[in-house]
Structures are given as structure tokens and as C-alpha cells.
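Taking it in order: structure first as C-alpha cells, then the write-up.
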Amino acid sequence: MGEFKVHRVRFFDYMPSAIRAMAFNSHTERLALVRADGALEIFNFADHYFQEKVIPGQDGRAVEALCWVGQRLFSAGLNGEITEYDLENLRPRYTVEAYGGPIWTIGSNKQGTLLMVGCEDGTVKMFEILKERIQFQRNLERQKGRIVSLSWHPSGTLIAAGMMDMIRIFNAETGHATHRMLVERGVGASKSREVVVWSVAFLSDYTIISGDSAGKVQIWDGLTGTLVRTHLVTKWDVLCLSVSQDESSLIAGTSEGTVVQFQFISSTVDQQEEEWVRTRTFKNHSHDVRALAHTETAVVSGGMDTQLVVRPLLDKVEKNTQESAMRKIALPHRSLVCCAKKAGLLLFQFPDHLEVWRVGESDGHGKPGDSLPVKRKPEKLIQLKGKGGDHIYSSALSPCGEWLAYSTVSSVRLYRLQYNNISITKVSKLPKDLCLGHQLCFSSDSTKLFASSRHSSVIVVALNQLECKYLHTLKPKSGSRQPVHLLCTSEDGKWLATANTDCEIHVYDLHKRKLHCTVPIYSSCPTAIAIHPTTSHLVVVHADQQIFEYSLVQKEYTEWSRKLQKQGLHSLWLERDTPVTHVTFSLKNPAHIILHDMFMFCIIDQSLPLPESKTLLYNQMTLRSLPEQERIRHSHAFKICKNFKHVMCVSLLEDHSLVVVERPLLDMMSQLPAPVRQKKFAT
Amino acid sequence: MAALYEGYTLCGLVPGQTLTNSGIQGIEAERDSDHVVVTDSTRSVTLYKVSDQKPLSSWTVKQGQTLTCPAVYNSQTEEYVVVSDNKVIRIWKDEDILLDKAFKATVSSDVWRVHCLPGGEPVVLFQRGAVRLLDSLLSAPQQPIEEVLAQEEAIRWSTNIVADSQQFVIFTTEQKGDSFLYLHRLNPNTLQRYRLEREEPGLSPLSFSASYRDKHICLLYLYPNGHVYQSVVSVRGLGGDEGAQALPLPRSLLLGLPVGEGLLEAASAQLLDEAHVAVVGVPHPSAGAGKDFLCIWNTNFQTLQAGKEMAGKIYGQLWTFSNKLFIPHGKTLSVIPYECPKSSLASALGKLKQAKTEEFKAPACVPSWNNILHGDKAQPSRPAETRKTRTNRKTQSAPSLTVDQVLDFTKTAPVEEVQREVEGLLSRADIQDLQPLVGQLASMLVSRSLADPAFYTPSTLAQLVHTQSLCHSVCPDLVLLALERRDFFLCQLCLQFFPDIPEAVTCACLKAFISMPDTEAEKLSLEPDSVSFMETLIARERAPVGLQNGFSSTSTDQDCSDALGGGGRVVIKTGEEDKEKSSTPPEPICPVGLHKAVLLNEVLLTAYSDTFLLPHLKDLSSQHVVLFLQYLQFLYLKYSQDASPQMHGLRSPSLTQIMDWVCMVLDAHFTVLVMTPEAKGLLVNLHSFVKSQVRLVSELGKIEGSLQELNKMKVKKDVGQYSIEIIELF
């Protein structure tokens, strides 16, 4: 196969923000997750935990709580506002001021008719959920001290509210507080500090479970207002609780980074009476666990250390299957790096700014395994700060490197770059239609900008030195309302392909300016698409790791794709747990497809036989040890290189050298604040 | 192998305009080996503390005046002496701040140098060759000074030397291409003139260096063509025909140094000891033509021993004081410590007895390669005092018997007279010369004692052993004789000083010591160092426990059992071990008396080889074995309790020596001990020691392993922020 010169880039200082809250919708199996910078992410747990949608955050938006009501998603935060999200257009739909100071918590009744928020001023505010908006209904009896956590009894009659030093039970109808349960403070020095009831859960048997800042998980009788049981879980805070749907299991997240599971079981074998027993402790985080979700089969946790961890409960899933494997989602499932192949430039997308780098140069030659002397160091050419408080949703750099576009929830901006003496000029007059751009993409000759807009449509804009002109809008026939999350053009400028979260892939003929075809819908969401520069085959990789090749000319799957489907992919390939986020092609050899996930990149040589189920998939080491003549007998189409870890982008420059952008997790970890101090042996 | 160590800068230089001048006129030793006086070429004198690399004080003459000779320090009066403007002698003390206010005297003739050796009197050498003691000169400063040198003769170099309490001023002159050496003895004054053999025409010596060795003055000089010659002048032959005729001075070529291209210009050679010469400004034989090297050559073997490149220009100046070379180069004056150990067979074979004891004992007399090859018997550089005392001793001794007479005398004379004569002989002769004599004397005394039961001279024998010129192979019967006569003090001395006691004899000593009743042992007078060591060890046992270091008695107990149970705190104790802990007595009691313990320690300290010792150890009876083991156990416990019971400077066995002996005794007597009921507890305890040692070692092994892993991890290269790599896919 040969040697590659690899630019190993580690200077993309991408740092995801801490996970602040999450909510799991068990009907749609979607997990909504919000980070400290206000960014919202939707994961589809039914489709390999794929990160389907991202709504970028905003400066100053601190979301504290999330709540699903049916398909609708609400959030509330310390800015005192309640927000409903428009998950089709990936933006906040509207925002309502609650007038109660910072909001700590949000919840809804089981019927999905009422929304309540707990405010800093001690009020619990009820909102009626209408079709298009929410309307303030009433306040519950105002208390002294902030309402930190809320839980609605499934019957809708009682509400438990966690406060400072106590838990209140309200009658939902009258709005009066019926019980006041005092929560004991911590011992020692923390005796003088108020204890915060960070989380409460009201179960259908009128049991209230609370987690507090003194490290206790307490079980109360909600009818009598008495304490049933105290479990001291940690020396630090219990920050969040989550109860399984059937109320048989409960998890609590702590500042130590542990998640403690309690189960409602009889503590001895022949005893009828069941009680909450502490059963398991998971330690998957280094820092505070701020958010938890108890799905039917797994514990989902996230916190300060920015990673989303899905830990299947082994009593709920079959052992030693892919289902039982723990998943850590550390990097986004979309590309934050854009590579201008012709210019050798890299565009890095951060939440609030963009950076353009030129890769370094080396004139040396070396043996495989060598590092070449760097003749010219990589340099940062441009750092572009986003305007307004809105964070960046998507960005693109034209292949020639002269155009840069980025979009936020509210606008699209286009810049012209010059490198001889570096300058950046904003293109001031953009067409009015170009106001939304979930995905941005330049044509390969840099004369057109494509921006995906509402309802999977694509706006085409022509670029030249003088002006930027709206050409037309491409619309799919399916009428899908979902946003486009992948967009790509062909090298010859003839084709444009889009993929949306309804798993639809539409291909447009840019010459005829109309829809060319729709690829047969596959059940799993596409994670990367690309059109082959010479054969015009569309390669699609899905969240379930399947690979399809579709001939745009013949409008059918290619022979190779059929063969691949018939034979099936190698089981180890299917077991990988990070999606392929980028596909590109080799200019030298048209039979090569280059794709990567977080832990490897792979060159698929379509001219070689596919690996059979018994052959070794990761065979590079074996091949290396074989003599030249024997290699050909043992080699197969999947050439997987695992030299690089935590890969964010693999791209091929015009000089055939590879650019691999890595973001080592250790580097990210080192930027985190110090975790709570724990006494370790010999310290 | 001589070695040059990492040097350091003493001070910066302000080179003169000519650039050939380092700006330093001279460096002289001050009160001790760590202080030097540096005189620069113009106006100032600075006192440095060498190890601190810092000036302590500095004196300057007025502008317009210049210092014309390096300042010297008179250690007797604690004064500094310097000459300014050739004629003004200035003397001041450390506390004087201004040089101009210090004592001044103007003399009638130009002064070349003032010389002063530690312990000697300052001597003034005039440019025309006259020599005066400073005191006598100052008594009449304007006294007329005679001219010694011829009209066109000029002094090139001078020094002074104290030889056998005689002070010599040595200087070389040059006249029309001829070089002369003058040897001026003071009190009574004599002058001898030698003519140096001519080298190639036009070449005159670049540098001189003189030393006194073995009643000879040894002059070393370096010519620009790289030849280093040595001339030896006897001190004794001086006198008589004073300065009448220039005697030809025989010379021998010591070294032919490589000079590269052209001749040497600025170079210097200094004698370091009888076999080593430091040379500066001469190219390194394997480093091209650059002349900026400092090298140490061995003159016996003509080998280069050490070399160091000096940065910057070399001025051809070099001084040496107390194992440090002072060399100006470039813009700094560097101090480079060096070492010229004697190359000896013993050190080559690694058989020098105990490195630790040698630190504070005078070196055992080990034949030196140099001595063997060149017949030099004297130590290279004995300090002047010993020389003096030795000469004093010599002068004291009244009419006495010659060596042969003493030897004959010992065969027949009664005990007291033999003792007196031998003592006399030893006191008046240089022990170094007496080595064969001591051997003869000792073997004669021993054979006579063996033959004649009534004859025994314990003090004389002890004295002979003390000279450290004896060893077991010289008189193999000495130790056995001492054992036979129950002279355990002598035994101790022999064990201490003989490097070659056979294992059989060691065992015999051990047997004798261990079977000796304690009452008898206490009467002995033994070597005080080893006794005091045992005393402190035992005293610690008897001292009220808990007052030491402010620990309570329980904590000492804890310490003791900790040391017992794990040899450290690494090991987590098991319940089984706790049981053992309670069974061991909290405070070990010494099972033998003080003096007996001292003697046993001496046995433990001797060198041995397991294979030869084992069969002899089997001769011990089981009771003695148990007692010995108990004693070893006691020592072990004591050592484990305390962090450093081995006091520096005292003769004490090391922990490893103790453990080795425990193992050996157990090896030799294991079956017997297993059958002996009273040894059972002992064996259990010893077993626990061994176990703890094994565990400690295994823990250490683990630590070593993990540290090695750490090392390996570091090797893994850091990728950094960016790299361009080549990968290959197959």
C-alpha cells in the first residue's frame, strides 16, 4: 500500500464544556444533554448513541435543568428564563421569563399539561403547557430560601421540593405546603453550613428520596413526613438522583465522580418486605457527576469531566455482547475541523471562535516510523472571534482557503481571506435567504457556497470577487422537517448530497439545479457521506458502522457495495463504538476510500478482497512481519492504522500527505480543574 | 589513575594589553589549603577562599606604583609581604585595610622575589642574585647588597624549598643562551652554581618546577620542543667549594611531549608527585594541534593520565596547591582539583583491606608500583612537621646499636633489654626504611618465644604490629603464639592490622575468644576505640529506655519489633508475626561480657572466604556456637533498633558482616543446632530475621522493578504539539 507522510497535529485545543444537566425521553429513546456553555445535544440511544443534533450555546446562558414533555424539550437556567427548543430548526423556539430570580429546577407532571420551576426567591411556579407556548398559571405557597429541586408525585397531587436544610411537600391543588422535613447538616466543620438538597425524587408509593450536600441519600415517607433511612454515600455532595421507570432502582451521582446504585429489594432472601439497599458503585468520572439518567438498561452519567458515560447494568443486558459494553463519548460525533486541501490549511471550530492554521513543512525523507525534521513550523494565521453572544454552529473553509463561512443559530457570516499579508474582510451583503445554515460547504472550485436551511433545503449562493449572489434553493421531495446534518459536493461540481436525521440522503444535480435521486433509506443515521471524485459513487457510513456505495449515475448500489452487504462486515468492524465522522478519497488511487473514527483511520482498498469473518481485521502488524511476497496473500481491503488516538480529523492534502488532527484525552483532562480532594493511600 | 575533576572559576582576569600576559603575577598559598593570595600584574593583592570561590579581602597600592613581585604570606607572623616598584618592601596584616598605611621599607637594590614557605622564614632574592632573610634585611634596609650574577646574567625563575630543616633558595638564570641553576642554602649560607645542558641552539627552558624528595632536590624543566627534563641535585653534597665553578648538571629526559607544529610558546610543567606531571599549553596527543589543554602525565610509564581542554587562551602559567591546579585561561582563573593516587597492585586487584577503616587510619604499607619499579622508598610528600619530628628523634638518640647488632642482640639478651633496644631502634629509624627489619625482628622474637617458654615480649611485639609493616605471611607464628600466651590484646592488633590472616587462624582466634571466661576477659586491656564502641552499644541497652530522642519506651519497643518484623515499614505484618513479636524480648541483653564482645567484633571484621572458613567453623562446640549466635543476634537487634549504631571512626562490624556470619555459623552447625533444645528459640528468632531480610529484599526488588519501568516509560518519546511522521500501511 505504501508510505504516507502524516502531519500529526495536536494543537487543536478543543475543550468540551462540562455536562450540566440531562433528560432522557424513554419514548423516543433520545437523551437531551446540556453543557455548561448552554449547548444542547441530542443523542439517539436507539441508534448507537449517535449524537444527532447539536444546538450551540450562548454566552451567559447557564442552563440548570432540562425536561422533556412528550417530544418537546424545555430548559431553565440561572438567567431566570424558561426556554423551549425547536429541534427541527436547531434553535431556541421561545424564551419565557419566570420572574422569580434564577431557576434551579424544572419539572412536569406526568400528564404533560403543567410545567413547574423552582426559583431562587422561594417560589414554585406553575406554567400551563399550550400547543405553541407556555403560560404562567400560579405560584405555590412561597417559602423562605431557594427551591433547588422538585419532583412531582406521579398522581399529580403532591410536589416535593428540595430546599436549603429541608424538604417541603406541597399540595399541588391548593398550593400549600403540607410537610416540612428537616435535613440534617454534615458533621464537623460543615455543621455550620446549610445543607443543600440537590435532588429529590417522589415515587408512586409516596416515598421521597433526597440527595444532599452532606453526602447523604435519604429515604422519607412522604405521607407522614418522616425519615425512613439514611445512606451516607460520600464525604462530599450527592449532586443528582435518577430513578428507573419501574421505580426499582435508583442512582445517585456524587462529587467524587462515583455513581451509587440503590435497588428496591428485600434485603434478606426470605423476607417479604422490600427496602432500598445500596448495591453498586460505579466510578467512571474523575470529577463531579452533575447529571444522571437511568434508562431501562443503563446508567447514563455526565459531569465536570465532560464525558458522557453509558454504563449498561449487567443484570439488564446480555453479558459479553456489544450491548453490555461501556461507552464513553468524549468527542463530538461531527467534524469540528475543516481542511482546505489545496491550500494546506486547517480550520478549527471552537464554540466562540475559529482558528485557521497552516500545517508545517518538512523536506526530509525518512523510513517508516521516523519523525521528520520540521522545516517550517505550523502557524496560526487567523483567530476569528464570533460576533454576538451566539456560539458557532457550523463552519467551512473553501478548498482554496480564500473563503471562510460560519453560522450561528441566528445568522451566517462569510469572510474573504488573504494570506500574502494576512487580512480578513467580511462580506457585508449576504443574500437575505442565507440566514440559516446548519451545515455549510463550499464547492471544490470555491465558486459556490451551500448552506442547509429549514426542512432539509439547501441554499446555493454564488461567490466571486465582487459580490455574493443567491442562486436558488434545492428542496427534497420527501417533505422531511428534520435538519440536514451532512452536506457534501463532488469534486467536479456536478453533485451535492445531503443527509438528515430522518436518515434520508438526497442527491442534487447542480447543473440541472434539481433533485437527482434519493438513496434508499437505511434504518441507521448516516454519520459521514462523500462523493467519489472520478466514479461519482456516493459512499455513506452509518451509525451502525455499515458502509454503502451508491452509484449516482446508475442510481443503484454498486457491485462492491452489494458484495460487501452479501458477505457482511467483519464483526470487529461492527463492534467499534465510535462513528466514522469523515470519508475522503485518495487522488492517487481511485480504489481507495479513507475514513476515520476516534481511534483509528482506515483505508479501504476496493481492489482487494474483503476480510472474511475468520480473517484478522487488524492485520497491519502481521503484514509488517511477513516478507514482501507473502503480504499480498494475507492482505485484505481494510487497512486500519491505529497509530493515532482521539482523532478529530483525517484528511488528505493535495500533496498526498495526510493530516491527522488528534486531541488526546489526557490533554483535555489536564485542563480540568482539580477534582475534590480524596485521601489516597500514602498521600 | 590520576584524574582531573570538574573545575570552577576562582576569579575573572583582566589581561594586560599585550594579551600574552594573563594579568596574574603569582598565586601563593595562604594560611591553609583553602586560601590563596593572588597578586595581579599591576597593583592589587587579593585573598581568596578557594572552596567558596570568593574574595575575602583585597589590597591595592596607589596609582603610579606597581607590584613587582607576588605577595607571600608569612604564616608565623600572619603577615603579608610584597614588593612594589622593585625596591619597596611592604608588610601588612589581614586587618590592615590600606596598603599605603602599612609598614614600608626601601632597600638599596632591586628585589626579584620574596619567597616564603609555610613554617619557613621569608627570604628575599635580589635581581642580582643576592639572598637575604627578610628579618635581617629589615634590620638594616639600606645595607649594601652584593652582586652574585654576571653582567648579562638575569634570573628567569626562582623558588625556595625546605629540606631537612634547611632552607634553600633555588633560581635559574640565563646568560647568552646558557642556563644556570643556583642553589643557595641559608644558615649557613652556601651557593652552588650548575650549568644546564644545552638543548637545541636558541632554546631555553619555558618553565621550571622543583621539589624536594628523599634528600634530593628534583628540578623539572620544559623546553619549547616539548622535552621535559629532570635533574636531581643532592642536598648533602652541598658546601665546600662555594660558587667557584659552574658544575655541569646531569639531566634525564622524562617526557617527550607532542608539540604539534612549531614550538611551544606558552607552556608550563609542574611536578605533582614523584610520578605525575601536570602540563599546560601542550597539545593533547589525540586532539589535534590545539594547545589549550591541561594534561597529567605519568612520567614512569610516559602515559597520559588525564586531559582537559581549557577554554580561551593559555598563558603558560600553572600553580598547584594541595591537590588543586590553578590555571589562568581566557578571561578566568580556574581551579581544577586533581588526584594522583598511587598505582599499586593491591588497589588494582581490589584487595585493599577495608576502605572504610583506611579513611581514618594511616594507609597500610602497601608496596607501590612506583617504588617497586624505581626503588623510591620515601613517601612522596610527607608534611614538613613529620619530617621535622623524625629528624628530631634522630638527633635525640644517643649512641646506639646498629641494625645488625640489634638483630643479634634479640637472639640472646633478656626480655627488658630486648624491649628497650627494639624500642630505640624503632624510634630512631624511619619506619618506611625498616620494613624488612621489622619483619626480621618479629620473626626472630616469635621463634625465640616459641623455643623458650620463659621469653615473651608482649609490648615489643605489639609495637612491631603497630608499625603496620608486618603481615601474617611475614611471621606466620605470631598470632598462634599470642593465642598460646593468651595475649589477646596482641591477637586483636593482629586481626586488626594483618590483611592476610588465614581462615584457620581466624577460627582459632574465635574459638579462643568464645571459650574464654568473662572474668578473664574483663582483665584484659584492649584497643580503646573498639571498646568504646561496644560500651556505647551496651550502654544504650542499659540506659533508661525512652529518654533517647524523646521517645517513650513503648515507641522504642515498637521500633524494635518493627525492625524485627519487616526490616522496614514496607511490609504489612501478619498475625503470625505479631505472635513472634510478643515472644521476642523487648530489650536484647548482651550474652557476653564487654571485652569478649570487643574481641568477637574483631573476628567479625576480618576478611575471609566462605569456602575456607566453613570447615574450620565446624570445630566449634555446640555451646559455643549457641553463645556466638546469641551474640550475633544481639548485635543484629541492636543494629536494627538504631538507625546508625556504627559510629564513624570506631571499629564496628557492619550489618552485612553480622548477617554473613550468622548464615555461615548456621550453615556449619545446622544439624547440631536443630538437635540442641536450648538453641530452638534462637533458631526461630534467626529464622524470622532471615525471613524479614528476604522480604525486605523482595520488596526492594519490586521497587527496583517499578523504578526501572518508570525509566522505560520516560524513554517513550513525547509527541509534542506537532510532528511530521512517516507511516507505512501494508
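Quick notes on this structure:
- Cut-off 20 Å, label 7 Å out along Cα→Cβ of A:LEU78, residues of segment A:23-49 by amide N: A:23, A:33-41
- Pairwise centroid distance, computed over Cα atoms, of segment A:249-307 with segment A:132-175, Å: 25 Å
- Compactness of segment A:534-683 was expressed as the Cα radius of gyration divided by 2.2 N^0.38 Å, which yields 1.28.
- Lys, Arg +1 and Asp, Glu -1 on Cβ, resulting dipole of chain A about Cα centre, debye, nearest 20: 1520 debye
- Length released on extending from B:GLN721 to B:ALA504, taking residue separation times 0.36 nm less the Cα-Cα span: 71.1 nm
- Per-residue mean of foreign Cβ neighbours for A:364-370 is 3 (Cβ atoms of other chains, 10 Å radius).
- Separation of the A:SER423 and B:SER515 label points, Cα + 7 Å toward Cβ, nm: 11.1 nm
- Pairwise centroid distance, computed over Cα atoms, of segment A:401-460 with segment A:624-648, Å: 39 Å
- Shielding of A:2-10 by partner chains, average beta-carbon count, 10 Å: 5
- With contacts taken as Cα pairs under 8 Å at a separation of at least 6 residues, segment A:391-438 carries a relative contact order of 32 percent.
- Quarter of Cα convex hull surface for chain A, i.e. mean projection, nm²: 34.2 nm²
- Here's the picture: charge each Lys and Arg Cβ at +1 and each Asp and Glu Cβ at -1 in chain A, and of A:HIS438, A:CYS400, A:SER108 the one pushed furthest to the positive end of that dipole is A:CYS400.
- Furthest towards positive pole of dipole, A:VAL676, A:LEU658, A:MET621, structure part the protein assembly as shown, Cβ charges: A:LEU658
- Burial ranking of peptide ranges A:352-358, B:31-37 (average Cβ count within 10 Å, highest at the top): A:352-358, B:31-37
- For segment A:337-574, a crude dipole built from +1 on the beta carbon of Lys and Arg and -1 on the beta carbon of Asp and Glu, taken about the Cα centre, is about 540 debye to the nearest 20.
- Selection among B:SER234, B:LEU249, B:LEU294 by position relative to the dipole of the protein assembly as shown gives B:LEU294 as farthest towards the positive end (Cβ unit charges, Cα centre).
- Summarising the label geometry, the points placed 7 Å from Cα in the beta-carbon direction at B:VAL232 and B:ILE97 lie 5.5 nm from one another.
- Take every Cα pair under 8 Å whose residues are at least 6 apart in sequence, average their separation, divide by the length of segment B:137-210, and the relative contact order is 21 percent.
- FRET E, pair A:ALA62, A:LEU223, Förster distance 25 Å, beta-carbon r, rounded to 0.05: 0.10
- Mean ellipticity per residue at 222 nm, deg cm²/dmol - from DSSP H runs of n ≥ 4 across chain A, formula -39500 (n - 2.57): -1000 deg cm²/dmol
- For segment A:78-105 versus segment B:129-147, the inter-centroid distance based on Cα atoms is 109 Å.
- Here the gap between A:GLU575 and A:HIS511, fully extended at 0.36 nm per residue and compared with their Cα-Cα distance, gives a gain of 19.0 nm.
- The charge dipole of the protein assembly as shown, taken about its Cα centre with unit charges on the Cβ atoms of Lys, Arg (+1), Asp and Glu (-1) only, comes to about 4540 debye.
- Cut-off 11 Å (backbone N to label point 7 Å along Cα→Cβ of A:LEU232), residues of segment A:167-210: A:186-188
- R0 of 60 Å, Cβ-Cβ distance A:SER625-A:GLN383: FRET efficiency to nearest 0.05: 0.85
- For a modelled paramagnetic label at A:LYS469, 7 Å from Cα along Cα-to-Cβ, the residues of segment A:435-462 in reach, with backbone nitrogen under 15 Å, are A:447-449, A:460-462.
- Once the Cβ-Cβ distance of B:GLU527 and B:GLN151 is raised to the sixth power relative to R0 = 60 Å, the FRET efficiency obtained is 0.35.
- Two-site label geometry, B:GLN405 and A:ARG180: point separation in nm, points 7 Å out along Cα→Cβ: 12.2 nm
- Take every Cα pair under 8 Å whose residues are at least 6 apart in sequence, average their separation, divide by the length of chain A, and the relative contact order is 8 percent.
Each reported figure results from applying straightforward, stated rules to the coordinates on display, with no laboratory input. Since we're looking at a predicted model, the values are computed, not measured. Methodologically, a virtual Cβ is constructed for each residue, glycine included, from the backbone with ideal geometry; neighbour enumeration extends over all protein chains shown.
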